[in-house]
1. How far is it, in nm, from the label point at SER80 to the one at LYS24 when both lie 7 Å from their Cα along the line to the Cβ?
2. Using DSSP to define loop residues, name the trypsin sites (Lys or Arg not before Pro) in segment 1-71 whose beta-carbon has at most 13 other beta-carbon atoms within 10 Å.
3. In debye, nearest 20: dipole of segment 14-134 around its Cα centre with unit charges on the Cβ of K, R (+) and D, E (-)?
4. Provide, in order from the shortest bin, the percent of all Cα-Cα pairs of segment 41-126 in each 5 Å bin, continuing until the bin that contains the maximum pair distance.
5. Sticking with the crude label model, points 7 Å out along Cα→Cβ, report the distance from ALA43 to SER114 in nm, one decimal please.
6. As a test of the formula, what do you get for the chain when each DSSP H run with n ≥ 4 contributes -39,500 (n - 2.57) and the sum is divided by the residue count, at 222 nm and rounded to the nearest 500 deg cm²/dmol?
7. Once the Cα atoms of helix 80-91 and of the chain are each reduced to a long axis, what angle between those two axes, in degrees from 0 to 90 to the nearest 10, is obtained?
8. Which number gives the lysine pairs in the chain that have C-alpha atoms under 28 Å apart and are eight or more places apart or on different chains?
Amino acid sequence: MKLYLASPFFNEEELKYYRRAVEKLRLSGYDVFVPQEHAIEGAWEMSNEEWADKVYGMDVCALNDCDTVIVLNFGLYSDSGTAWEAGWALASGKRVVQVLCGGDNAVYSLMMLSSADKVITFDQIAVWQRVCADMSKVIQK
């Protein structure tokens, strides 16, 4: 099963969760596309617009190629790019697992949660293998 990991990775807390998620998913044997790991060749010679187009294209290809999108959700306004990836996945008929990482007092977007096939907490990382395997039984919305 190919997974796409959608997550913000702009501060230490987000990076901590991001790295742990990648490690756990790969240790469970999944092929995980991790956007942060993919550099754009010649990026330093490109304009910001050219670079952004390349990143966008690479991410869209990876989203289209995956089976399931795992979304690390840090709360109501955690990251517009992550919300976009989740929306693209839903519109493309991909399975979506929302993983709540915002803590006990976090408020989450109903749009993000309602569009997911599964919603789990990060503490349930030990059952991701079973959760992802069970996704084959989920009827697409």
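1. 3.0 nm
2. Loop-located and lightly packed - none at all.
3. Details: 10 positive and 18 negative charges, 123 e Å.
The dipole magnitude comes to about 580 debye.
4. 3, 14, 23, 19, 16, 12, 8, 5, 1
5. Output for this residue pair reads 3.6 nm.
6. My calculation for the chain gives -12500 deg cm²/dmol from helical runs alone.
7. On a 0 to 90 degree scale, this one is about 70.
8. Taking the chain as the scope, the lysine pair count is 21.
The values are calculated or read from the model by the stated rules, or taken from the named source; none is laboratory data. All values reported here derive from a predicted model rather than from experimental measurement. Note: ideal-geometry Cβ built from the backbone for every residue, glycine included; neighbour counts use all protein chains shown. SASA here: full protein model, heavy atoms, side chains in, ligands and nucleic acids out. Shrake-Rupley method; radii C 1.70, N 1.55, O 1.52, S 1.80 Å.
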